[in-house]
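In what follows, a single structure is set out as structure tokens and then discussed.
The values are calculated or read from the model by the stated rules, or taken from the named source; none is laboratory data. In this text, all values refer to a predicted model and were calculated from it rather than measured experimentally. In this analysis, Cβ positions are derived from the backbone assuming ideal geometry, glycine residues included, and neighbour counts consider all displayed protein chains.
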Amino acid sequence: MDKVYLTWWQIDRAIFSLARSVSASFMPDVIVGVARGGLIPAVRISHILGDVEMRVIDVKFYKDIGERMEKPVITIPIHGSLKGKRVLVVDDVSDTGKTMEVVLEEVKRAGAKDVRVACLAMKPWTKVVPDFYVFRTDEWIVFPWEEFPVVSRKSDEQTRKTL
């Protein structure tokens, strides 16, 4: 599978574009960031829109590139009620759409009155087309926060002393 590597600059531009699109037609009361990939975009969009309240949901689906579990599993549910709230669910990409289906079900179960989805990217085959997205691709996307692990050459003791 072909990969596309995105830079922090490209992501920053994409997030601003996404926030602009959202604010033109929908002002959320709460933003729900889908961990892990949706957290950075969710936090940035929250700040851009005036520090909108945030919640987090964690859903596991992928084991590796192109390798998924049978179905998505919520590992950290949304805390607190969303009763009567306008909710923007933010993730990095809507690939199969199965993760987003599980998240949307959970957000509605929490009482949200109006739910919209914003993703940086979407795949042409997704079951859930986001209300807001920046680009569409059939390539595997490597976001800058997942490109490579941070490696420390210091011992744990040295690291603690410098923190």
Just wondering, is there one or more residues in region 61-83 that are modelled with pLDDT of 95 or more and either in a strand (DSSP E or B) or more than 17 Å from Phe26 (Cα to Cα) (or both)? yes
I'd like the full set of residues that are surrounded by fewer than 14 Cβ atoms within 10 Å (Cβ to Cβ) and in contact with a helix residue (DSSP H, G or I) (Cβ under 6 Å, 6 or more places away or on another chain), limited to region 8-34. Trp8
Quick test of your reading of the structure: Asp91 fulfils all but one of (1) surrounded by fewer than 20 Cβ atoms within 10 Å (Cβ to Cβ); (2) in contact with a Gly (Cβ under 8 Å, 6 or more places away or on another chain); (3) not in a helix (DSSP H, G or I). Name the failing condition by number. (1)
Among residues belonging to region 117-142 that are among the acidic types (Asp, Glu) and modelled with pLDDT under 95, point out the one that is surrounded by the fewest Cβ atoms within 10 Å (Cβ to Cβ). Asp138
When you look at Gly33, is it within 20 Å of Ile141 (Cα to Cα) and at pLDDT 95 or above, yes or no? yes
List the number of the failed condition for Gly37; all other conditions in (1) under 21 Å from Lys108 (Cβ atoms); (2) surrounded by 21 or more Cβ atoms within 10 Å (Cβ to Cβ); (3) out of contact with any Cys (no Cβ under 8 Å at 6 or more places or on another chain) hold. (1)
